[in-house]
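Reviewing the structure listed below.
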Amino acid sequence: MGSELFAKSGVKVILIAKKSGEGENILTYEQNFVKNLTTPYVLLTLFQAEKKVDIYASAGLEKEFDREALLSPFPWSGTIIPLLTSKKNDVSVGPALLNGYAELVEEIAQYRKIELESAIGSANKTTINLVRLLIYGFMAIVVVLIIYKRIKNRGQS
């Protein structure tokens, strides 16, 4: 996906996963890493031991993706941190990085109106959101019906 985005747009999306940052600040590490890169670029960096994730982009690229949503700790919006903070000990960082990288590449491609043939797509996300909408809609209808019945019963007393 990243190579296809680079071929079609010139934007490099680089994934850096380190077991440990050895006490180094993640932002300092990213700034040192990009010294020899040509723009435009985006880094998705993970320091696994410190449980730190960051997205660092060259000037002007920040508006092409939603950094806050990608790094959100909430499962309904974030794609990386919810998997990394899972309570299960056997969860590896692979799925979190794949989800985050794919989402980042797809957002940049969508912003630039590029169709990626290798894109993972958002079929699962769309299905989950549809199911969530149906459940919340059903709950809202039940609450409204309960309130309506209580108001109706009070009027008859």
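Please treat every number below as a calculation from the coordinates, not as lab data. Being a predicted model, the structure only gives us computed values, none of them experimental. Don't worry about glycine lacking a Cβ; one is built from the backbone with ideal geometry, like all the others, and counts go over all protein chains shown.
Label residue 27 and residue 131 with points 7 Å out from Cα along Cα→Cβ: what is the distance between them in nm?
Each label point lies 7 Å from its Cα, and together they span 3.9 nm.
How far, in nm, would the chain grow between residue 16 and residue 111 when pulled straight, counting 0.36 nm per residue and subtracting the alpha carbon separation? Each step should come with its number before you reach the end.
Details: separation 95, 0.36 × 95 = 34.20 nm, distance 2.32 nm.
Length gained, residue 16 through residue 111: 31.9 nm.
Pairs 8/35; 18/63; 12/113; 8/113: which are spaced more than 20 Å apart, C-alpha to C-alpha? Walk me through the numbers before you get to the answer.
Values: 8/35 24 Å; 18/63 27 Å; 12/113 16 Å; 8/113 10 Å.
Check vs 20 Å cut-off fails for 8/35; 18/63.
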